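Worksheet for the structure shown next.
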Amino acid sequence: MHLLRDTLRPPAHAELDLHNINAELSRAELQERLAGIEFNCSDDNRLGYGEQACFAPVTQVDGLKAKYLALFFSEDDTLSAVNIVTDPEDHDSSIAYLEEHFGKSNFKKILDEDKWLVWRRDDKSGGILMAHHDDSDNRAPAVMWFRDAELAERLLAP
């Protein structure tokens, strides 16, 4: 099924511009920025009533090699969160890219086995940028942006 979907709708390179994402960014602005990438969207109960998650296969997001890009929108169609699923083989280069572009991260242990590198964004984009600390988990590593810590807790809860 995975191969069939990617053959019918091949992954694309996404220019998200992680430096300039924020909670006021509208769905319309993102659709313009990501023109040519076809997203599948559905309601996401983890976010709340009327909020949606949209997914698309990608090959790259900005300078990160990636497999999928997910955008989460609030009820008013503004950006709530971003999830970039990366390849475990590219984990070290993903972390190097993030540290080159966003500086040194802080280490946070959210759950016993869930360790993250965190960049709190104090510039105009705000929010929290996170990446899995290592690729040793059984899941694909991810780079995530959240509009605030409360939303991060809700989406990362087991």
With DNA, RNA and ligands ignored, accessible area of residue 73 (1.4 Å probe; Å², nearest 10): 10 Å²
Subtracting the Cα-Cα distance from 0.36 nm times the residue separation, let me have the gained length for residue 77 to residue 101 in nm, one decimal. 5.9 nm
Summing +1 per Lys or Arg and -1 per Asp or Glu among the other residues with Cβ less than 9 Å from residue 74's Cβ gives -3
For residue 14, residues with placed amide H under 5 Å, excluding near neighbours: 59, 60, 61, 62
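The values are calculated or read from the model by the stated rules, or taken from the named source; none is laboratory data. This structure is a prediction, so every number in the text was calculated from the model and none was measured. Ideal geometry is used to build each Cβ from the backbone, glycine not excepted, and the neighbour counts take in all protein chains shown. Heads up: the accessible areas ignore ligands, DNA and RNA and are worked out on the full protein's heavy atoms, side chains in. Shrake-Rupley method; radii C 1.70, N 1.55, O 1.52, S 1.80 Å.
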